[in-house]
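The values are calculated or read from the model by the stated rules, or taken from the named source; none is laboratory data. Just so it is clear, the model here is predicted, and its values are computed rather than measured. Neighbour counts are summed over all protein chains in view; Cβ atoms, including those assigned to glycine, are modelled from backbone coordinates with ideal geometry.
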Amino acid sequence: MCHENHVFDRPQAKTDFFHSMKHLNYYKLEQRDSFDMKKTRTVYRIKNRGLVSGEQFIKEVEHRSNLNASLINAVLMEVKDELEELLGQGYAVTLPGIGAFSLGVRLNDSRKLQLEIENAAAESAEQQGKKAKSVAEPNSARIELHHINFRKDKDFFGNIEKRFNSLTLKRLGGRQGSRITIDDKSLRERIALAIDYLSSHPFMRVADYAQITGLSRSSAQRELVEIAENDGFGITATGQGSHRVYVMKT
């Protein structure tokens, strides 16, 4: 009999239902645009069978290879330590049969904010026929680690795909099989969030508004245009094109 936590209570034998299950559940997710409810983005998601812990993963490898669990754990820790060391020195690292890891960087938030201000000021000066102050290039102190890239090995992906294609996909029934996500904040609540944000920041970008409200970028952009055009909300726009930002009215 299958229980919800069968992944963690797997019997010791290699050939059991953990590897013999032939179906996988999925569901449809409709992501609705809270600014225009007629617009939806439909995606499909797999319902994971559960989380395989590190301990359970090592047991699986032990069963498959007949290597000692302590040895497997020790090798994994050595791989982790060496991966941290090499990535930390700026190397890209390939794990044979799995894929390649490399670092991704970005401007830190304070420099990004300063750059937006400088660009907006330069564009405004140019529109007024004044000499625009040159925008300073970011220095190395303003660059920070943001993420770790992973590029999968094509054989690694292909082998997973073969196993996936051998499964029978079954859509979950009822509400579990078709789900809807939608922003549940009212416009007034979102404006209050924007005003609170602007109380501690000199300006707000579309991306900032999207982040604090949970709206999609396109919805945030449309909503900010309407907010800025309404005199009663106390927020206005300045700058043009990609340098357009939103500020409190003075």
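Considering only residues that are loosely packed, with under 13 Cβ neighbours inside 10 Å and of a type in the set (K, R), look in segment 17-47 and name the one that is modelled with the lowest pLDDT.
Of everything passing the filter in segment 17-47, K38 is modelled with the lowest pLDDT.
Could you please give the count of residues in segment 43-72 that are within 30 Å of L29 (Cα to Cα) and either charged (D, E, K, R) or touching a helix residue (DSSP H, G or I) at 6+ places or on another chain (Cβ under 6 Å) (or both)?
The number of residues fulfilling the criteria is 3.
List the number of the failed condition for G50; all other conditions in (1) assigned to a loop (DSSP other than H, G, I, E, B); (2) among the small types (G, A, S); (3) modelled with pLDDT of 95 or more hold.
(3)
Can you tell me which residue among K131, K170, K152, K162 is exposed (fewer than 10 other Cβ atoms within 10 Å of the Cβ), at pLDDT 85 or above and of a type in the set (D, E, K, R)?
On the way: K131 fails: at pLDDT 85 or above; K170 fails: exposed (fewer than 10 other Cβ atoms within 10 Å of the Cβ); K152 fails: exposed (fewer than 10 other Cβ atoms within 10 Å of the Cβ).
The match here is K162.
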